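Read the structure below first, then the notes.
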Amino acid sequence: MADSPTFVSINFGMGSLKVAEFDRLGDGMLFLRDYVVRPLGFEGTMESRREAALQTAISEIFAERQYAPGQTTIVAPGFQVFSKNIKFPKVDNSKVSQLIQYEAQQNIPFPLEEAVWDSQILNGTDSEIEVLLVAIKKPIVEGLGRICESVKQDVALIDAPSTALLNAYRYNYPDYEGCTLLLDIGAKTSNVIIVEGDNFFIRSVNIGSENITRDFSTESKLRYPEAEQIKVEQGFVGLGGAYEDPENEHQAAISKIARQVMTRLSIQVNQTIQFFQKQQKGSKPARLMLAGSASSMPYTAEFFNEKLSLEVEYFNPFRNIEVEPEIAETLAPVAHGFGEVVGAAIRQVAQCPFELNLVPKSSQQARDFGKKQPWIFASAAVLAASLGVFGLLLMQITKETRDATAQIQENVSPLESKDRQLSGAISEINTLTNRIGVLQDIRARQAILPEVLTEVRRIFLETEEQVGGPSRSMGIWVHQLKFGTLAESVDPAVKEDDSTSSSDSASEQSNVPQMSADMMAQYGLGPAAYGGLDMGYGGSGMDDGTEEVVEEEDEGDGVRKITLLCTALNRKRLDAAANITLAQRVLQNMKASPLFTDRTTLASEIKDVKEDDLTFDFDLHLYLSKPL
């Protein structure tokens, strides 16, 4: 590590950027000099804008606080880190690394050449070896490196949120006995960590405070930034039971939504406890410690005390760390959100139970070489001084060299014309290289389609839960998917002549790019996603020829419009307006997604069906935020 006594530790969370400045005190002790929490807003949730939002936030922080250049420890975003405990039979030590490499290839959900990963062998049994595996995509690590480099910080290590929090717990609570449950509630994900002696278990759950914001935004029809601000300023977890709702309608809505989200989280926590007891032979936790900024919402502790019947306290990562007296009062309400920041910082001064590092090996080697550079330069200076003894000899050599150079110049002149020819050829190569870059950019756009299909599937499931509840399936699927033509997507005002014959129209429609049933099933969009239910494809949706003309901004070539021909189970016998309500809710959720624009609309009126009809159809025009 660096010799400078002062350094910063940074947590690149989804909802906020946290920075803390520490001093090394010796004997493995730290002193907190300063801290900052900077919310990232809606941009922090969007992959396309996230790096720019982080860059702006960190530049402002370092400009305001005047933090010195140096080495830094950082915590990767929890929602972008993959972690898993794996077990395999005990083998010779010489084969362990090969087995870990194999397990990494089998378990990491993206190609190893696109990943930065690390592992640590844990306490196993006489017959098994247990390994903790963590991984993150290289582009994410490279982006974090660029952000730190812009504020003159050299990344010494990149820690995973769960292991950083575990290190902070071990450092600050060595006196705690029995089984402890750590619940780190983040914006996108929550980490459930159970610790009992040397035994521990980590599980990441895709539930966080962002779920509250999105559900409230949908219900109240407010934009995401407004919904987030109201949640932070007025939100609390509803107590349930016979309590009178607040007079403020927004506050009443948030409290109910927050309780629903926290209830889903508590169910996952209970399942994790049961797994730990059965599979890891662990004990029931004696206490629950809340961590993460999202756990600051009022009545969160009371809620989990009620649901889990456990003693609840907030995690204090500064319990064994000296704090600057001037900031102690303002730090107290947010201290539990700095667990990962402290855990990464401890790695600078002490040996920790978990020593994982997601810095690429090439970067570590470059940093090690940088440490050796002063010695290399010193050696070069000594060598230069020694060469001074031969100064007179070098003067003679210089004269001879000058004469030889003049002779060479005479021989080089005829070759200059050849050089000009080569320069022209190089220019042509550069032109072709630029064209290749354009084609590669077009290829990159094609990767947007799987993301769109996955988002459509998620919205269908979310709509089913909103309209019918977790125990009742609406049975929504896509029976046909059409891509708008290039001209139609870039300039939807281009329409067919009214006099076009029906045969010509049908021919053109057949040429519109469509998705096969096999591919829709791959993404869970067809009827097979509902247990193989085959209801038929229903009506034709857009065959009536009506289509709304929408003026689009010119954002370059590409297909921006996708038409979904959807089918759902008919619920008219339950409620005359149920089918319309379902289709409208799907439309609202599509518009709320960052992948689609506000121009997304129903393609036509929902056709009326009889109560005894099994299904009904509705069609959607999806306008993409990014072109295909």
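The values are calculated or read from the model by the stated rules, or taken from the named source; none is laboratory data. Since we're looking at a predicted model, the values are computed, not measured. Here the Cβ positions follow ideal geometry from the backbone for every residue, glycine too, while neighbour counts run over all protein chains shown. Keep in mind that these areas ignore ligands, DNA and RNA; they rest on the heavy atoms of the full protein, side chains included. Shrake-Rupley method; radii C 1.70, N 1.55, O 1.52, S 1.80 Å.
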Has the stretch 183-197 got at least one residue that is open to solvent by 60 Å² or more (accessible area, probe 1.4 Å) and either among the polar types (S, T, N, Q) or farther than 23 Å from Ala301 by Cβ (or both)? no
Residue identified as open to solvent by 20 Å² or more (accessible area, probe 1.4 Å) and more than 28 Å from the chain's Cα centre (by Cα) among Val81, Val37, Val96, Val91: Val91
Take the residues in the stretch 154-182 that are within 19 Å of the chain's Cα centre (by Cα) and among the small types (Gly, Ala, Ser); name whichever of them is surrounded by the fewest Cβ atoms within 10 Å (Cβ to Cβ). Ser162
Positions within the stretch 62-78 being crowded, with 17+ Cβ neighbours inside 10 Å and among the small types (Gly, Ala, Ser), in sequence order: Ala76, Gly78
From the option list Ser59, Ser48, single residue qualifying as modelled with pLDDT of 95 or more, within 17 Å of Ile147 (Cβ to Cβ) and open to solvent by 20 Å² or more (accessible area, probe 1.4 Å) is Ser59
Asn270, sole failed condition from (1) surrounded by 15 or more Cβ atoms within 10 Å (Cβ to Cβ); (2) at pLDDT 95 or above: (1)
Keeping to the stretch 79-96, report how many residues are of a type in the set (Gly, Ala, Ser) and either in a strand (DSSP E or B) or modelled with pLDDT of 90 or more (or both). 1
Check the stretch 243-252 and report whether any residue there is closer than 30 Å to Cys179 by Cβ, surrounded by fewer than 22 Cβ atoms within 10 Å (Cβ to Cβ) and in contact with a Ser or Thr (Cβ under 7 Å, 6 or more places away or on another chain). no
Determine whether the stretch 335-346 contains at least one residue that is over 25 Å from Asn11 (Cα atoms), of a type outside the set (A, V, I, L, M), open to solvent by less than 20 Å² (accessible area, probe 1.4 Å) and modelled with pLDDT of 95 or more. no
One residue is enough: does the stretch 289-296 have a residue meeting the conditions out of contact with any strand residue (DSSP E or B) (no Cβ under 6 Å at 6 or more places or on another chain), surrounded by fewer than 19 Cβ atoms within 10 Å (Cβ to Cβ) and within 16 Å of Ser190 (Cβ to Cβ)? yes
Within the stretch 398-413, track down each residue that is hydrophobic (A, V, I, L, M, F, W, C) and modelled with pLDDT of 75 or more. Ala404, Ala406, Ile408
Kindly list, by first and then second residue, each pair from a residue in the stretch 100-118 that is without any contact (Cβ under 8 Å) to a residue 12 or more places away in the chain to a residue that is open to solvent by less than 60 Å² (accessible area, probe 1.4 Å) and not charged (D, E, K, R), limited to pairs with Cβ atoms under 8 Å and residues at least 6 apart or on different chains. Gln105/Leu112; Leu112/Ala104
Could you pull out every one of the helices (runs of 4 or more DSSP H) wholly within the stretch 144-248 that has 2 or more residues that are touching a residue at least 60 places away in the same chain (Cβ under 8 Å), under 27 Å from Gln274 (Cα atoms) and touching a strand residue (DSSP E or B) at 6+ places or on another chain (Cβ under 9 Å)? 161-172
When the stretch 586-609 is checked residue by residue, the ones that are in contact (Cβ under 8 Å) with a residue 40 or more places away in the chain and more than 33 Å from the chain's Cα centre (by Cα) are Ser604, Lys607
Since Ile129 meets every condition but one in (1) of a type outside the set (Ser, Thr, Tyr); (2) over 30 Å from Glu210 (Cβ atoms); (3) open to solvent by 30 Å² or more (accessible area, probe 1.4 Å), which condition does it not meet? (3)
Report whether or not Glu219 is buried (at least 23 other Cβ atoms within 10 Å of the Cβ) and of a type in the set (D, E, K, R). no
Is there a residue being under 20 Å from the mean Cα position of the chain (by Cα) and surrounded by fewer than 17 Cβ atoms within 10 Å (Cβ to Cβ) anywhere in the stretch 146-153? yes
